[in-house]
Amino acid sequence: MKKNLVTSILMTIATTILLGVIYPLVVTGLAQLLFKDKANGQIIRKNGEPIGSRIIAQPFSSARYFHPRPSAAGNGYDAANSGGTNYASTSQKLIDRVRADATALHEENPAEPIPVDLITTSASGLDPDISPAAAEFQIPRIARERGISEMVIRDLVQKHIEPRSLGLLGEPRVNVLELNLALDDMSSGNH
């Protein structure tokens, strides 16, 4: 019995060191070596300062910018509290929020149907991308607010459409942070 107890204690220590220290260090080291940008959260920097992550949505409320999908993560776009609301489709809170968002968007662009991703949250509440249709829907507002032609902004959106991964996974998408940064660069003349 004493032999079994010593063996189990030694196995616990060995597996803790192997799986709790060595394995995580090896995986972290390989990630830093092979996928440095992805392993560090795909941080976007401007003038050496971090301004956001390519993979986590940030709120943009100014009419001069493209807006991401609505977020139900914490108080909105809170990476520490990600997740959907889990409201049922019959939930009055969900119905009221979608109606309010749809009304505001319809006032912004009454001639166009509202893309669904502008009134629905993603599962995580942190989706950094919108559909090309959602970007297109917002062009008239941004052109009006910035005094830029819609065609110039439409060309910018087209340049930022990312195709399906591997040609078949997911949907075409536009990263909101990258598009807004390009919009600012274009507006300031930094081509």
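Out of the residues in the stretch 71-84 that are open to solvent by 60 Å² or more (accessible area, probe 1.4 Å) and not in a helix (DSSP H, G or I), state the one that is nearest to D101 (Cα to Cα). Filtering first and then ranking leaves N75. Here is the figure for the stretch 98-117: residues that are closer than 11 Å to H67 by Cβ and in contact with a Phe, Trp or Tyr (Cβ under 9 Å, 6 or more places away or on another chain) total 2. Of the residues making up the stretch 85-111, those that are closer than 24 Å to A133 by Cα and surrounded by 15 or more Cβ atoms within 10 Å (Cβ to Cβ) are L94, R97, V98, D101, L105, E108, N109. Tallying residues that are among the aliphatic types (A, V, I, L, M) and open to solvent by 60 Å² or more (accessible area, probe 1.4 Å) within the stretch 39-55 yields 3.
Look at (1) loosely packed, with under 10 Cβ neighbours inside 10 Å; (2) modelled with pLDDT of 90 or more and you find that K36 fails only one, number (2). Could you check, for the stretch 27-45, whether at least one of its residues is of a type outside the set (A, V, I, L, M, F, W, C), in contact (Cβ under 8 Å) with a residue 12 or more places away in the chain and in a loop (DSSP other than H, G, I, E, B)? Yes: one or more hits.
The values are calculated or read from the model by the stated rules, or taken from the named source; none is laboratory data. Nothing here was measured: the structure is a model prediction, and the numbers come from that model. We place every Cβ from the backbone using ideal geometry, glycine too, and count neighbours over all the protein chains shown. Heads up: the accessible areas ignore ligands, DNA and RNA and are worked out on the full protein's heavy atoms, side chains in. Shrake-Rupley method; radii C 1.70, N 1.55, O 1.52, S 1.80 Å.
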